[in-house]
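> Dumping the structure here so I can ask a few things about it.
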Amino acid sequence: MKWLTRLLVVVALAVPTANARADIIVDGIGDFLPTFTGPRNGDLDVWVARGTIDSTQFHLSTTLGAPFGTTPTAALVWGLNRGQGTAGFVAGTPSIGAGVLFDSVVSLNAAGVARFIDFLNPANNFILDPSDVFRDGANVGVDLDRTRIPSTGFAQENFTWNLWPRSGGGNALVSDFAPDAGNPATANARFSSVPEPASLLLFGVGLGLLGVGYRRRRSG
């Protein structure tokens, strides 16, 4: 059983710590906001959204109901709460997004241009490098350098996010929220830690040990 003990140690090193949180948001298919007046196209419907953090970057990604850009005016907006987030949609017309808190956003348009916008300090605004934008049909994501995203009160590991597609300006053209709006406790997802490459290598070694041990037991 020594091989099993070694395997459990390896897996413990590879799996994210207790501070890691569930990072995958599975959103309802076709759950457009009732206030949405734009085209109900698939690239404005979030199916899955994810946020992770490692030692150097934030990673935000989503799978949509259709290839992004099907709607020429589509944009994906990730709202970030770095510590001073407010419910920015509630006072608009129509009032939407109760519980969604943000003090900055990352916006990606259908042309593939992504911007970070800091509402508290515009001097921090910047355009993302094209290499930090991922697009493959309905799968889309952005990477953010942690050194360029300053805290406004939270430790970076405690930043929260929400994703909303939109087909134009104004609240009526926001099509979806992921996670769903309504409750501040659930409308703001936290980033999940991901293992470093070295840990992933150890995890692979551990799986190899599992296979070897299993074969030895079968042959024995």
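> Is it fair to say Trp47 is farther than 30 Å from Gly153 by Cα, at pLDDT 95 or above, assigned by TED's automatic domain parsing to the domain that holds Asn183 and assigned to a strand (DSSP E or B)?
Criteria met by Trp47.
> For Ser95, indicate whether it is touching a residue at least 24 places away in the same chain (Cβ under 8 Å), within 23 Å of Ile29 (Cα to Cα), assigned to a loop (DSSP other than H, G, I, E, B) and of a type in the set (Gly, Ala, Ser).
yes
> List the number of the failed condition for Arg166; all other conditions in (1) within 16 Å of His59 (Cβ to Cβ); (2) over 15 Å from the mean Cα position of the chain (by Cα) hold.
Looking at each condition in turn, Arg166 falls short on (1).
> Does Phe68 qualify as being crowded, with 21+ Cβ neighbours inside 10 Å, in contact with a helix residue (DSSP H, G or I) (Cβ under 8 Å, 6 or more places away or on another chain) and closer than 26 Å to Ala155 by Cβ?
Considered against the rule, which asks whether it is crowded, with 21+ Cβ neighbours inside 10 Å, in contact with a helix residue (DSSP H, G or I) (Cβ under 8 Å, 6 or more places away or on another chain) and closer than 26 Å to Ala155 by Cβ, Phe68 comes out as no.
> So which residues in the stretch 124-165 are surrounded by fewer than 16 Cβ atoms within 10 Å (Cβ to Cβ), touching a Lys or Arg at 6+ places or on another chain (Cβ under 9 Å) and over 16 Å from Arg82 (Cβ atoms)?
Ile127
Quick grid of which residues meet (1) touching an Asp or Glu at 6+ places or on another chain (Cβ under 9 Å); (2) of a type in the set (A, V, I, L, M):
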| site | (1), (2) |
| --- | --- |
| Leu44 | yes, yes |
| His59 | yes, no |
| Thr63 | no, no |
| Thr86 | yes, no |
| Pro94 | no, no |
| Arg115 | no, no |
| Asn124 | yes, no |
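> While we're on this one: Is at least one residue of the stretch 190-199 over 16 Å from the mean Cα position of the chain (by Cα), acidic (Asp, Glu) and outside any helix (DSSP H, G or I)?
Looking through the stretch 190-199, at least one residue is over 16 Å from the mean Cα position of the chain (by Cα), acidic (Asp, Glu) and outside any helix (DSSP H, G or I).
> Among the listed residues Arg115, Arg82, which satisfies the condition of being surrounded by 20 or more Cβ atoms within 10 Å (Cβ to Cβ) and charged (D, E, K, R)?
That would be Arg82, the only listed residue that is surrounded by 20 or more Cβ atoms within 10 Å (Cβ to Cβ) and charged (D, E, K, R).
> So for the stretch 140-147 (the condition being more than 21 Å from Asp54 (Cβ to Cβ) and either among the hydrophobic types (A, V, I, L, M, F, W, C) or at pLDDT 95 or above (or both)), does at least one residue qualify? Please lay out each step first, then the result.
Within the stretch 140-147, the first condition is being more than 21 Å from Asp54 (Cβ to Cβ), and the residues that meet it are none.
The answer is no, given that none of the residues of the stretch 140-147 is more than 21 Å from Asp54 (Cβ to Cβ) and either among the hydrophobic types (A, V, I, L, M, F, W, C) or at pLDDT 95 or above (or both).
> Restricting the search to the stretch 75-92, which residues are of a type in the set (Phe, Trp, Tyr) and assigned to a strand (DSSP E or B)?
Keep residues of the stretch 75-92 that are of a type in the set (Phe, Trp, Tyr), which gives 78, 89.
The answer is Trp78, and nothing else.
> On to the next question. Which condition does Leu120 not pass, out of (1) free of Cβ contacts under 8 Å to residues at least 40 places away in the same chain; (2) not in a loop (DSSP other than H, G, I, E, B), if it passes all the others?
With respect to (1) free of Cβ contacts under 8 Å to residues at least 40 places away in the same chain; (2) not in a loop (DSSP other than H, G, I, E, B), Leu120 is out only on (2).
> May I pose another question? Can you find a residue in the stretch 57-71 that is part of a loop (DSSP other than H, G, I, E, B), out of contact with any Phe, Trp or Tyr (no Cβ under 7 Å at 6 or more places or on another chain) and modelled with pLDDT under 95?
No, the stretch 57-71 has no match at all.
> Can we say Thr5 is out of contact with any Asp or Glu (no Cβ under 9 Å at 6 or more places or on another chain), hydroxyl-bearing (Ser, Thr, Tyr), over 20 Å from Arg146 (Cα atoms) and at pLDDT below 95?
Criteria met by Thr5.
> Does Thr70 count as more than 16 Å from the chain's Cα centre (by Cα) and without any contact (Cβ under 8 Å) to a residue 60 or more places away in the chain?
Considered against the rule, which asks whether it is more than 16 Å from the chain's Cα centre (by Cα) and without any contact (Cβ under 8 Å) to a residue 60 or more places away in the chain, Thr70 comes out as yes.
The values are calculated or read from the model by the stated rules, or taken from the named source; none is laboratory data. Just so we're clear, the structure is a prediction, and the values are computed from it rather than from any experiment. Methodologically, a virtual Cβ is constructed for each residue, glycine included, from the backbone with ideal geometry; neighbour enumeration extends over all protein chains shown.
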